[in-house]
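No value in this document is a laboratory result; all are computed from the given coordinates. Only a predicted model underlies this, so the values are computations on that prediction, with no experimental measurement involved. Cβ coordinates were reconstructed from backbone atoms using ideal geometry, including for glycine residues, and neighbour counts include every protein chain displayed.
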Amino acid sequence: MKKLLGILVLSLLLSGSAYADENALLYFNQYLKNNGYNEYIEEVDICKELKKNSKEWFSAKCENYPKGRKILRNKLDIKIYTERKSEIPYQKNPNRDTLLFFVYYYLEDTKGFGRYLIEPSKEPLEFNSNLREDKFVKKQLQKKAILSYLYFEDDQIIVDEITPEDRFGLVFKNDTKWNSMSMGKSLVSYVTGHAICEGYIDGVNSRLNDWPLIENTLYHDQKLIDLLNMAAGDQKVIDDNVGLIKTKRWYNSHPISSIAHIELKNTKKIKSTRYHYNGLVTNIIMNYVIHKSNGNFQNLLNKIFQEKAKIKNSVFFLKQKGIEDKYGPGRYSLRASRYDYLRIAKAIMDDYQNQTCVGKYLKEIHEKRIKKNIKKGDEPDFNFSYSYGGQFHFDYPGLKNRIIFGLGGYAGQAILIDMENSRIVVLNSAHYNNSKYKYNYKKLLHDPIKKGMN
């Protein structure tokens with residue numbers, strides 16, 4: 001395998017291409033071959049393509065391969081962007097081949113990280129279905145970067161569409177564990193609600209004054225609800241467009257202990273408690289829950305996802321590899337299959353409707369929501385709403401008087417939960433922007449929630 005990878009790296013260098021992660025492309029080529037997608041790859045003799053005794057010929061060590069040296073190369077037109085190598089930049093309009101590679105790359109991005117893994121439920125929830133064909137949804141899947149679309153109403157799935165084989169189905173399957181992106185922030189809140197109900201945390205008004213890791217930082221002694229509402233006064237230390245302002249480090253790549261010691265040391269919150277959206281504060285919340293659960297975090301996750309949501313496939317949160325829990329390695333990124341996202345969303349809805357302890361927590365964060373004080377265009381259209389509370393989006397245009405819990409994330413990930421009418425939309429996507437890859441969020445998300453489909 002090492003020899004094959006070395007050959008593939010060589011082919012990349014010779015082609016002059018710069019990729020988000022060279023190893024990801026190497027494994028992508030091998031993935032295509034292993035899964036029988038031979039029309040997308042070819043084996044070539046690199047030494048026959050190079051001029052004998054040239055610099056490139058010697059770099060390929062062709063002198064050691066008198067019978068030739070085979071490499072694996074794909075036939076796809078893949079473009080990687082230098083300004084944001086790990087993701088497709090928001091404003092770009094990639095071709096299908098580039099999108100296909102990034103679907104694969106986003107899946108490979110878990111390598112190098114540890115996991116808080118939750119195994120499947122012994123009795124997974126099986127959905128009832130009363131399926132109807134929706135031609136508009138099908139058309140959107142063919143033209144946009146949507147991977148999966150599920151609409152749930154009256155305790156059954158009404159619309160169930162997945163990206164076709166000739167679009168992104170080579171990589172994305174029913175059991176593919178797709179990245180939640182910032183939807184994971186809302187799921188951290190859901191975990192926090194359970195931590196409160198299990199007695200690990202007193203309530204949303206508890207102060208974070210019992211966690212030595214964040215002493216002497218702006219987050220120390222703040223109320224939990226202010227962190228949940230993205231109103232922690234951390235505008236001077238974190239900007240989601242650049243990362244940690246002092247060093248430009250990306251918060252998801254470092255444990256809380258490191259960030260507290262370097263970027264947060266001696267920081268003070270600003271007086272304003274206005275909404276300031278960022279992922280660092282969510283990682284603070286998640287690792288505070290890990291700290292307060294006193295070694296029982298895995299049991300807490302099992303109760304939520306195995307026993308309550310009744311997941312069919314394993315799901316996991318990422319964490320910094322090799323870092324002990326006491327140093328704050330957890331990050332909000334959750335990976336789950338398309339149906340398991342629906343199972344989790346239904347569990348959230350059931351809690352709210354059944355007046356469970358966690359349901360009361362959900363009602364409380366809805367009541368304590370704050371205005372975003374932003375204008376249209378400050379957030380991607382699919383994710384734009386007027387209020388925010390407890391790591392959920394509230395009060396969407398046209399739905400302001402409805403109790404809709406919204407989860408949203410980069411590249412167009414979206415879940416909307418109608419607590420009053422038992423409607424759920426789950427949409428997974430590889431890319432979203434305001435031009436070619438702007439899916440019709442009104443028809444796909446807002447209208448089904450507002451009017452129903454059944």
Expressed as an acute angle from 0 to 90° and rounded to the nearest 10, what is the orientation of the C-alpha long axis of helix 22-34 relative to the principal long axis of the chain? 80 degrees
Any idea what the relative contact order of the chain is, in percent, if you count C-alpha pairs under 8 Å spaced at least 6 apart? 18 percent
Inter-part gap, Cα centre of region 42-78 to Cα centre of region 170-228, in whole angstrom, is 51 Å
To make sure I understand, if each residue's beta carbon is the centre and we count other beta carbons within 10 Å, what order do Met183, Met453 fall in, fewest to most? Met453, Met183
May I ask for the equivalent-ellipsoid semi-axes of the chain, computed as the square root of five times each C-alpha gyration tensor eigenvalue and listed largest first in whole Å? 39, 28, 20
Under the 7 Å Cα-to-Cβ spin-label approximation, Lys248 and Phe136 lie apart by a distance in nanometres of 4.4 nm
List Glu153, Glu165 from most exposed to least, where exposure is judged by having the fewest other Cβ atoms within 10 Å. Glu165, Glu153
Helix 357-367 versus the longest principal axis of the chain: what is the Cα-based angle in degrees, 0 to 90, to the nearest 10? 90 degrees
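Mind sorting Thr282, Thr273 by how few other Cβ atoms lie within 10 Å of their own Cβ, fewest first?
Thr273, Thr282
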Roughly how tilted is helix 280-292, in degrees to the nearest 10 and between 0 and 90, from the longest Cα axis of the chain? 70 degrees
Taking the Cα centre as origin and putting +1 on Lys and Arg beta-carbons and -1 on Asp and Glu beta-carbons, what dipole magnitude results for the chain, to the nearest 20 debye? 1180 debye
Residue-wise, which Karplus ³J(HN,Hα) couplings in Hz belong to region 109-123, taking 6.51 cos²θ - 1.76 cosθ + 1.60, θ = phi - 60°, and x for glycine or proline? 5, 6, 5, x, 10, x, 9, 8, 8, 10, 6, x, 5, 5, 10
Show me, for region 401-418, the HN-Hα J-couplings you get by feeding each phi into the Karplus relation (A = 6.51, B = -1.76, C = 1.60, θ = phi - 60°), rounded to Hz, glycine and proline as x. 9, 10, 8, 10, 8, x, 10, x, x, 3, 6, x, 5, 8, 9, 10, 10, 8
Convert each backbone phi in region 35-48 into a coupling constant with the Karplus relation 6.51 cos²θ - 1.76 cosθ + 1.60 (shift: θ = phi - 60°), then list the ³J(HN,Hα) values in order as whole Hz, x for Gly and Pro. 9, x, 8, 5, 5, 9, 9, 8, 9, 10, 8, 5, 6, 6
Collect residues whose amide H, placed 1.01 Å from N in the peptide plane, falls under 5 Å from the amide H of Ile238; neighbours closer than 5 in sequence don't count. Ile245
State, in angstrom, two size descriptors of region 277-357 derived from its alpha carbons: Rg to one decimal place and Dmax to the nearest whole number. 13.7, 40
Ordering 395-404, 429-438 by per-residue average of other C-beta atoms within 10 angstrom, highest first, gives 429-438, 395-404
